[in-house]
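Below is one structure; the comments refer to it alone.
The values are calculated or read from the model by the stated rules, or taken from the named source; none is laboratory data. Just so it is clear, the model here is predicted, and its values are computed rather than measured. Glycine gets a Cβ as well: all are built from the backbone with ideal geometry, and neighbour counts include every protein chain shown. Ligands, DNA and RNA are excluded from the accessible area calculation, which covers all protein heavy atoms including side chains. Shrake-Rupley method; radii C 1.70, N 1.55, O 1.52, S 1.80 Å.
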Amino acid sequence: MLRFWSIITFSLALAAGCDSGPRFRSTDITGADYGKSLELTDHTGRARKLEDFRGKAVVVFFGFTHCPDVCPTTLADLSNAIKQLGSDAERVQVLFVTVDPERDTQEALAKYVTAFDPRFLGLYGDAAATQRTAKEFKVYYEKRKTGDGYSVDHSGQSYVIDPQGRLRLFVRHDRIASDLPEDLKTLLREKA
């Protein structure tokens with residue numbers, strides 16, 4: 001019987017030692033073969049690449065300024081999540097990528113994203129750059145006619161990229177408030 005309990009104890013210790021990776025509340029997609037690049041312009045007119053943000057955790061969210069529900073809620077939740085980080089908030093960059101480059105001009109993005117947090121950056125490109133970036137992040141979007149105008153159906157997830165530039169987390173829009181603050185703290189504690 002002693003041998004049995006020794007084997008069980010050893011097995012449990014071995015299993016605990018093998019699982020040394022961080023535990024996240026959001027979906028861990030470390031090692032995913034997408035979400036590695038983007039080349040767009042920010043709302044200040046500066047050309048941006050993901051590499052510009054190395055050393056920071058980056059939260060990438062796709063949406064549009066005329067969105068009636070998911071986008072403003074997500075950006076408000078992102079703002080609150082970032083505020084919970086205290087001084088570590090300076091080590092996080094939120095990128096809002098428009099899926100409506102036709103209406104979301106540099107000026108419109110500047111006004112919209114900074115209303116949630118002055119540190120947030122709105123990114124835009126032409127139709128081809130938008131499509132390329134959405135495809136790189138596996139984001140769905142489609143323009144839909146509504147009355148005299150249009151809306152854009154789109155995926156609602158956010159992605160988190162670690163300070164080393166690796167895609168790490170898939171965050172559902174309805175889980176940002178509850179999961180993201182702790183997940184960002186975990187990522188920011190990691191060593192390179």
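Taking the Cβ-Cβ separation of A110 and R166 as r and a Förster radius of 30 Å, what is the calculated FRET efficiency to the nearest 0.05? FRET efficiency, A110 to R166: 0.55. Counted over the stretch 93-192 with a bin width of 10 Å, the fraction of Cα pairs per bin, in whole percents, is 13, 39, 36, 10, 1, 0. A 24 angstrom limit on the alpha carbon distance is what I want to check against. Which of K49/K111; K36/K56; K56/K138; K138/K191 exceed it? Flagged as over cut-off: K138/K191. Remark: spin-label model distance N80-T146 equals 2.3 nm, labels positioned 7 Å along the Cα→Cβ axis. When the Cα positions of L85, G165, Y112 are compared along the charge dipole of the stretch 77-172, G165 comes out farthest toward the positive end, with charges on each C-beta of Lys, Arg, Asp and Glu.
The Rg/Rh ratio for the stretch 141-192 is 1.21, where Rg is the radius of gyration of the alpha carbons and Rh is the Kirkwood radius. Each Lys and Arg adds +1 at its Cβ and each Asp and Glu adds -1 at its Cβ; summed about the Cα centre, the chain shows a dipole of about 560 debye. Computed over the alpha-carbon atoms, the stretch 42-104 gives an Rg to Rh ratio of 0.98, Rh here being the Kirkwood radius from the mean inverse distance. The heavy atoms of E90 offer some 110 square angstrom of accessible surface to a 1.4 angstrom probe. Using Cβ point charges alone (K and R +1, D and E -1), the dipole size of the stretch 96-192 about the Cα centre works out to roughly 300 debye.
Potential lengthening of the chain between K138 and K56 amounts to 27.3 nm, from the contour at 0.36 nm per residue minus the alpha-carbon distance.
Over the chain, with every protein chain in place, what whole percent of the accessible area is carbon and sulfur at 1.4 Å, could you tell me? In the chain, the share of accessible area belonging to carbon and sulfur is 53 percent. Among the chymotrypsin sites (Phe, Trp or Tyr not before Pro) in the stretch 133-188, those located in a DSSP loop and surrounded by at most 13 other Cβ atoms within 10 Å of their own Cβ are Y140.
Calculate the length of the line joining the C-alpha centroid of the stretch 123-183 to that of the stretch 40-102, in whole Å. If we compute the Cα centre of each part, the gap is 10 Å.
From helices alone, the chain scores -11000 deg cm²/dmol at 222 nm; the rule is -39500 (n - 2.57) for each run of n ≥ 4 DSSP H residues, then divide by the residue total. Just so you know, the averaged projected area of the alpha carbon convex hull for the chain sits at 13.3 nm². In the full protein context, the chain carries 54 Å² of accessible surface per residue, based on a 1.4 Å probe and ignoring ligands, DNA and RNA. Solvent-accessible surface (1.4 Å probe) assigned to V152 amounts to roughly 10 Å². The calculated FRET efficiency for D88 paired with A127, based on their beta-carbon distance and R0 = 45 Å, is about 0.80. Listed by number, the DSSP H helices of the chain that run 15 Å or longer by alpha-carbon position along their axis and have mean Kyte hydropathy of at least -0.5 are 2-18, 70-83, 106-116, 176-189.
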